[in-house]
Every structure is written in C-alpha cells, then in structure tokens.
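Report on the following structure.
The values are calculated or read from the model by the stated rules, or taken from the named source; none is laboratory data. On a predicted model such as this, the values are computed, not experimentally measured, just so you know. Cβ placement follows ideal geometry from the backbone for every residue including glycine, while neighbour counts extend to all protein chains displayed. Ligands, DNA and RNA are excluded from the accessible area calculation, which covers all protein heavy atoms including side chains. Shrake-Rupley method; radii C 1.70, N 1.55, O 1.52, S 1.80 Å.
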Amino acid sequence: MSRREHDFYETPAWCVDSIMSELFPPPPAGSEALPHFGYWVEPCAGSGAIIRAVNGWAERCKYQKINILWQASELDPKHERALQQSLGRDSLGTRIGDTLEWLDPDIHYQRARFDVCLTNPPYSRALDFVKWGVEHSQTTVALLRLGFLETSKRNAWLRANMPVAVYVLPNRPSFTGKGTDASAYAWFVWRHNRIGRQVAELHVLPDVPRKAREIRK
C-alpha cells in the first residue's frame, strides 16, 4: 500500500489525551495545582491535529491551569490555513518550510529555546526530527513506533541519548479511520538536562475504550 504524501497521518486526539494526562497528573490531595506556562513547538504540524488536541485537553482540565504559546512548523503549504485556525490568536505563529532547516543547532541561544516539543514525526525522517526536538527543546515528546528502538541506523544515537521515559499506547491507533495501524506505538520522552546513557522508564498507558478511540477531532 502506498504511503501518503509527506507521510501525512493525523494523530488521533485520544493518543494526545493519554500522554497529557500522564505529563500533567492531578496534584496530591490537599495541594494547589501549579500553573503551567510555556512555549511549545510542533515541528511536523500538518493541519494542527496535535495542537487542537492539546488545547482541548487543557481547556477540559479542571485541576491544572495550562497556558501554552504554540509555534508550528509545517512543510506542506496546503495545510497553512487550517494550521493557523488551530493555533488561534495567542501563538508564536506558523512557519511553512522544512523544520530541519529552520534553526541552526550551532547557535547557542537557539538551544532549548522551547519548553516542549510535542510531535508525531513522519516515519521516514523520525530520527532527524527527534534530534531536532532534543536540540531545541527542554522536553521532547514524540509519538513513534516501538520499532524506533531497533535498526543499526538509530542504535548509536539511542545508546548515547536514551529517552527518560517511554509511554506505550495500550491500543493501536488508526491514522486513517479505516482499521488500526499494524505497529505498536509509544510516546518517547527526552529531557534536555538528562541526555546521556541511562535506563528509560517504561510505562503502559491506561486502556482507552473503543468508543473513545473512534472519536476524531
């Protein structure tokens, strides 16, 4: 089966809800929820599916105030209008072009300029986008096949840059609306101040009922 142009497969909202619930858990009983503010980037934004899902989750969250300013980058100009609508007025803006050519990793002030990079990178360029996120963000969260841990191409880099945590989706996602993907997926998390050889924590996210997985935003 042929793949879509630019590996364009939008991320189901339930996948994003699952990781947001883990990254922003309810505070301990009796404590006050701390406000969270930050600059987030989506380097493979498409039409903004991840951005819409994050913003929707944040609006529904009753225990944590989350104020995110998004910067979005997308290669395909045909998604620009939808992406701008997803961002809304309060954002850092949209950039159309190849994200990997956007910021120079050799310029010190650009390192870790974003608080969070949250993305579902195209399969064919997944490692490149993960490296970009790790270089330019305090925390990088990427939806990847579990098979990302395999192959000689990625082995040396992964051994030197293990994620701090891997959150396995208990249900295989559908990126087309027609059946589930053939691969198992997980959210991989890297933190800028914890790059180096280490043992990643492995988590299995809670099961998501079929009805909830059929809802696409």
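Only a single item in (1) modelled with pLDDT of 90 or more; (2) open to solvent by 30 Å² or more (accessible area, probe 1.4 Å) is not met by LYS211, and it is number (1).
Identify all residues within segment 48-79 that are assigned to a helix (DSSP H, G or I), free of Cβ contacts under 8 Å to residues at least 60 places away in the same chain and open to solvent by 70 Å² or more (accessible area, probe 1.4 Å); write none if there are none. Within segment 48-79, GLU59, ARG60, PRO77, LYS78 qualify. Mind checking which residues of segment 1-45 are assigned to a loop (DSSP other than H, G, I, E, B), of a type in the set (D, E, K, R) and at pLDDT below 85? The answer is ARG3, ARG4, GLU32.
Sub-7 Å Cβ pairs linking a first residue in segment 81-101 that is in a helix (DSSP H, G or I) to a second residue that is open to solvent by 70 Å² or more (accessible area, probe 1.4 Å), at least 6 apart or interchain, are SER86/ARG52; LEU100/ASP128, ordered by first then second residue.
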